[in-house]
1. If you check F164 against the conditions, is it of a type in the set (F, W, Y), assigned to a strand (DSSP E or B), in contact (Cβ under 8 Å) with a residue 12 or more places away in the chain and surrounded by 12 or more Cβ atoms within 10 Å (Cβ to Cβ)?
2. Hey, A100 hits all of (1) surrounded by 13 or more Cβ atoms within 10 Å (Cβ to Cβ); (2) more than 26 Å from G199 (Cβ to Cβ); (3) in contact with a strand residue (DSSP E or B) (Cβ under 7 Å, 6 or more places away or on another chain); (4) of a type in the set (G, A, S) but one; which does it fall short on?
3. Would you be able to tell me the number of residues in the stretch 122-139 that are of a type in the set (A, V, I, L, M, F, W, C) and under 15 Å from the mean Cα position of the chain (by Cα)?
4. Could you list, in sequence order, the residues of the stretch 17-49 that are surrounded by 15 or more Cβ atoms within 10 Å (Cβ to Cβ) and more than 19 Å from L87 (Cβ to Cβ)?
5. Would you pick out the residues in the stretch 41-90 that are among the acidic types (D, E) and touching a strand residue (DSSP E or B) at 6+ places or on another chain (Cβ under 6 Å)?
6. Quick check on the stretch 38-76: of everything there that is closer than 13 Å to H13 by Cβ and acidic (D, E), which residue is modelled with the lowest pLDDT?
7. Out of the residues in the stretch 101-131 that are of a type in the set (A, V, I, L, M) and modelled with pLDDT of 95 or more, which is farthest from L176 (Cα to Cα)?
8. Kindly list, by first and then second residue, each pair from a residue in the stretch 51-74 that is farther than 14 Å from P31 by Cα to a residue that is among the aliphatic types (A, V, I, L, M) and in a loop (DSSP other than H, G, I, E, B), limited to pairs with Cβ atoms under 9 Å and residues at least 6 apart or on different chains.
Amino acid sequence: MNIPAHAPLHLLHTATVGTLATHARQPEGFPYPSVLPFAPDARHRPTILVSRLAEHTHNLHTDPRAGFLAVDAPDGDVLGGQRVTLLGRFEPVGSSPELARRYLRYHPDAERYLMLGDFTFWIMEVERLRYIGGFGAMGWLDGAELDPLPPLAVSEEDALIAEFGRRLSGAGGVELLGVDRYGADLKRNGVRHRFAFDGARSDTGTLHAALEVCIERHAD
């Protein structure tokens, strides 16, 4: 196994869409792949918003086991790009204001789906994952190895977004979507970017210092 530090985690914050593979009910047992947008939660797990009428929703209610593939190949070279396959179980979660607010930062167009009242959030509990980052950079990890640190509290992330998001917007027109202990998710001109810190930030002081560097890099 030769996986660059935190590479699978950063990839889950870079990709905007993923491929969800559920177990088909009819014909029974076949993989049923579907492409849909997702957002990482505070623990970097894929969060999806799906209609109760969708085929993959019915499949998950019958069998929550699923595979989820995220890919980053900006030049179109899929085999030379990064990809991570997650194996685990999706569970439906209630649409709390905090969850909806975070998801809509990543996918603001989804607000119209929430207004329909037919869509539900599901979050994947990752059990195993396989990362491939190019020739020789690949391997398996247990889900718990993705991030051993406790996630930021919602209130802490909200405070960081309020403070540094305002400064980023004023400095370079960049929108701050999310912050975690390993990086910040940004959007400029409709395109998402991942600003990876040079190491894990375990306390408020080091998080502030890393975000100051982020502002310096994006203030042009």
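1. Numbers: of a type in the set (F, W, Y): yes; assigned to a strand (DSSP E or B): no; in contact (Cβ under 8 Å) with a residue 12 or more places away in the chain: yes; surrounded by 12 or more Cβ atoms within 10 Å (Cβ to Cβ): yes.
In short, no.
2. So the condition that A100 fails would be (3).
3. Within the stretch 122-139, the first condition is being of a type in the set (A, V, I, L, M, F, W, C), and the residues that meet it are 122-124, 126, 129, 132, 135, 137-138.
Among the residues that remain, those that are also under 15 Å from the mean Cα position of the chain (by Cα) are: 122-124, 126, 129.
The total comes to 5.
4. Result: R25, P37, A39, A42, L49.
5. Going through the stretch 41-90, the residues among the acidic types (D, E) turn out to be 41, 55, 63, 72, 75, 77.
Answer for the stretch 41-90, where residues must be among the acidic types (D, E) and touching a strand residue (DSSP E or B) at 6+ places or on another chain (Cβ under 6 Å): D41, D63, D72.
6. Taking the stretch 38-76 and keeping what is closer than 13 Å to H13 by Cβ, we get 38-47, 70, 72.
Next cut, acidic (D, E) only: 41, 72.
Details: D41: 96, D72: 91.
Per the stated criteria, the residue is D72.
7. First pass over the stretch 101-131, keeping only residues of a type in the set (A, V, I, L, M): 104, 110, 114-116, 123-124, 126, 129.
From what is left, the residues that are modelled with pLDDT of 95 or more are 104, 110, 123-124, 126, 129.
On the way: L104: 12, A110: 18, I123: 22, M124: 24, V126: 26, L129: 27 Å.
Filtering first and then ranking leaves L129.
8. A70/A15; V71/A15; V71/V78; D72/A15; A73/L79
The values are calculated or read from the model by the stated rules, or taken from the named source; none is laboratory data. This one's a predicted model, so the numbers in the text were calculated from it and none came from an experiment. Here the Cβ is made from the backbone with ideal geometry for all residues, glycine too, and neighbour counts use every protein chain on show.
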